[in-house]
Amino acid sequence: MSSSSLLQTSISSSSSAFFANHNLTFNSRARSVSLPAKHVGICKCVATPQAEKTEYKTQVSRNANIAKLQAGYLFPEVARRRAAHLKKYPDAQVISLGIGDTTEPIPEVITSVMAKRAHALSTLEGYSGYGPEQGEKPLRAAIASAFYDNLGIEEDDIFVSDGAKCDISRLQVVFGSNVTIAVQDPSYPAYVDSSVIMGQTGQYQKDVEKFGNIEYMRCTPENGFFPDLHTVSRTDIIFFCSPNNPTGSAATREQLTQLVQFAKDNGSIIVYDSAYALYMSDDNPRSIFEIPGAKEVALETSSFSKYAGFTGVRLGWTVVPKQLLFSDGFPVAKDFNRIVSTCFNGASNISQAGGLACLSPEGLKAMREVIGFYKENTEIIVETFESLGFKVYGGKNAPYVWVHFPGRSSWDVFSEILEKTHVVTTPGSGFGFGGEGFVRVSAFGHRSNVLEACKRFKQLYK
């Protein structure tokens, strides 16, 4: 093949339609090369669709009990809506009176001891690794003395933990999937959700907005937020919170005596949540063990979270009396100890040092001052809504104000307040069907924020 043929072939093979439709002459060193015009069809490239990629799946079935849950846990959902609101109004000063998270600094008399314990871990003399799963002995003794003096509770009845919420789930593991439960309605969502996850319940019944196989003990303004026990069916476990989250109500001594007797008559176990006991102003029991006979039918869980600002530090405890027995006579405390030893390595030693500092004379004084600050916030919130003509409950014995919006959807009210005032509250229906028509307003907030939020409430509802 001649050099001119090679050149023609080379150019033709790489040419486009532009070259094909023109006679081109190339001058190269006194030789000219003529390329004849040639008709070339235009090639249209069409991408063929790739086969849809199939995700790899294991052969492990999803826990059908978790699948029963209707939505995300209440407080993350509130946080999600708050985040969406901030995205919509990036310059808004959003005030959060929703989730019950403390806002005031932990008193220095407590943090200084924690800092000292933390620093000691960097020394040979002060280092410690794993501790007793049940908690350090001095702290257990201090809890028994500070909260259960003269009530017959001993230090080895107390299990120190990373919080009451965590202990609720550990207790559910102890009870297993074959028990039946009763809850106040409305109530703290962890009781119901953990029961669903454990397989203790039936399916969610949308028409009544309840799970099957749960006894909902209706608590309303009409019954003083204490259930009519004559209408309550027998269950194995009774979850009861006083002072109550979310309603802020507190059971009287007479009411708790009825509850203990009801449990004895039915052979039930009461899980008594006393996380807000130190907020009590009325002369009501701060512990279920103030009621005669309670040690035979009840255990109690509590926390430093709302007393000392330990929501992030994480420290709580559960009391399981030796007298509390299963139907076969086996002590509940021994099974709880087994679960704790298996599922938990004990609370942080730094947190436990802080807990011990909380229960010193100086620490108790400092905690009461912090609690007093939040109780002043509740008074401001209560006065605000009452001045606007709303029916208001709670606030006196708990850091929560339960505001009634009759005939309205709780989520609608939540959205209205957020949209028009940039204040986050908590919809009452998130605590159960019995909370519909109410909104919970938390007193956990800086004083300036609480005052500003109340100012906005007055502008909205005046």
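Within segment 332-406, which helices (runs of 4 or more DSSP H) (wholly inside it) include 3 or more residues that are surrounded by fewer than 19 Cβ atoms within 10 Å (Cβ to Cβ)?
332-343, 361-387
Check His446 against each of (1) closer than 21 Å to Gly309 by Cβ; (2) open to solvent by less than 60 Å² (accessible area, probe 1.4 Å); (3) in contact (Cβ under 8 Å) with a residue 60 or more places away in the chain and name the one condition it does not meet.
His446 satisfies every listed condition except (2).
Name the single residue, out of those in segment 65-94 being open to solvent by less than 70 Å² (accessible area, probe 1.4 Å) and closer than 20 Å to Glu452 by Cβ, that is nearest to the chain's Cα centre (by Cα).
Step by step, filter segment 65-94, then rank; the result is Val78.
Would you check which residues across segment 124-153 are without any contact (Cβ under 8 Å) to a residue 40 or more places away in the chain and of a type in the set (Asp, Glu) and list them?
Across segment 124-153, the qualifying residues are Glu125, Asp149.
To keep it simple, each residue is scored yes or no on (1) hydrophobic (A, V, I, L, M, F, W, C); (2) at pLDDT 95 or above.
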residue	(1), (2)
Gly41	no, no
Ala71	yes, no
Ala79	yes, no
Ile95	yes, yes
Glu104	no, yes
Pro132	no, yes
Pro138	no, yes
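Name every residue in segment 312-331 that is in contact (Cβ under 8 Å) with a residue 60 or more places away in the chain, touching a strand residue (DSSP E or B) at 6+ places or on another chain (Cβ under 9 Å) and surrounded by 17 or more Cβ atoms within 10 Å (Cβ to Cβ), in order of residue number.
Within segment 312-331, Arg314, Leu315, Gly316, Trp317, Thr318, Val319, Val320, Pro321 qualify.
Could you say whether any residue in segment 226-236 is closer than 17 Å to Leu299 by Cα and among the β-branched types (Val, Ile, Thr)?
yes
When the residues of segment 447-459 are narrowed to those that are in contact with a helix residue (DSSP H, G or I) (Cβ under 9 Å, 6 or more places away or on another chain) and not basic (Lys, Arg), which ends up nearest to Phe405 (Cα to Cα)?
Out of the qualifying residues, it is Phe457.
What are the residues in segment 224-236 that are open to solvent by 50 Å² or more (accessible area, probe 1.4 Å) and of a type outside the set (Gly, Ala, Ser), if any?
Asp228, His230, Thr231, Arg234
Take Ser348 and tell me if it is outside the structural domain of Leu97 (by TED's automatic domain parsing), more than 23 Å from Ser96 (Cβ to Cβ) and under 23 Å from the mean Cα position of the chain (by Cα).
So Ser348 passes the test.
Say whether the condition of being within 21 Å of Leu359 (Cα to Cα) and either more than 29 Å from the chain's Cα centre (by Cα) or assigned by TED's automatic domain parsing to the domain that holds Gly428 (or both) is met by at least one residue in segment 154-165.
yes
Could you list, in sequence order, all residues of segment 412-443 that are open to solvent by 10 Å² or more (accessible area, probe 1.4 Å) and of a type in the set (Gly, Ala, Ser)?
Ser415, Ser429, Gly430, Gly432, listed by residue number.
Quick one: Lys462 ticks every box in (1) touching a Phe, Trp or Tyr at 6+ places or on another chain (Cβ under 7 Å); (2) modelled with pLDDT under 95 bar one, so which box is it?
The one condition Lys462 does not meet is (1).
Just checking, how many residues over segment 407-460 are in contact with a Ser or Thr (Cβ under 9 Å, 6 or more places away or on another chain), aromatic (Phe, Trp, Tyr) and assigned to a helix (DSSP H, G or I)?
Total meeting the criteria: 4.
Could you give every pair whose Cβ atoms fall below 9 Å, whose first residue belongs to segment 200-217 and is farther than 23 Å from His230 by Cβ, and whose second residue is open to solvent by 40 Å² or more (accessible area, probe 1.4 Å) and small (Gly, Ala, Ser), counting only separations of at least 6 or pairs across chains?
The qualifying pairs are Gln200/Ser177.
Can you pull out every residue in segment 134-173 that is more than 19 Å from Ala275 (Cβ to Cβ) and surrounded by 19 or more Cβ atoms within 10 Å (Cβ to Cβ)?
The answer is Gln134, Glu136.
Consider only pairs whose beta carbons are under 6 Å apart and that are at least six residues apart or on different chains; among these, list those whose first residue lies in segment 244-259 and is outside the structural domain of Gly394 (by TED's automatic domain parsing) and whose second residue is buried (at least 24 other Cβ atoms within 10 Å of the Cβ) and polar (S, T, N, Q).
Once the first residue is outside the structural domain of Gly394 (by TED's automatic domain parsing) and sits in segment 244-259, its partners that are buried (at least 24 other Cβ atoms within 10 Å of the Cβ) and polar (S, T, N, Q) give Ala250/Ser242; Ala251/Ser242.
Listed residues Gly372, Gly407, Gly389, Gly434; which is closer than 20 Å to Phe75 by Cβ and assigned by TED's automatic domain parsing to the domain that holds Ala84?
Exactly one residue qualifies, and that residue is Gly434.
Please determine whether any residue of segment 329-340 is within 22 Å of Asp156 (Cα to Cα), of a type in the set (Lys, Arg) and touching a helix residue (DSSP H, G or I) at 6+ places or on another chain (Cβ under 7 Å).
There is no residue in segment 329-340 that is within 22 Å of Asp156 (Cα to Cα), of a type in the set (Lys, Arg) and touching a helix residue (DSSP H, G or I) at 6+ places or on another chain (Cβ under 7 Å).
The values are calculated or read from the model by the stated rules, or taken from the named source; none is laboratory data. Everything quoted here is computed from the prediction, not taken from an experiment. Ideal geometry is used to build each Cβ from the backbone, glycine not excepted, and the neighbour counts take in all protein chains shown. We work out accessible area using only protein heavy atoms, side chains counted, and drop any ligands, DNA or RNA first. Shrake-Rupley method; radii C 1.70, N 1.55, O 1.52, S 1.80 Å.
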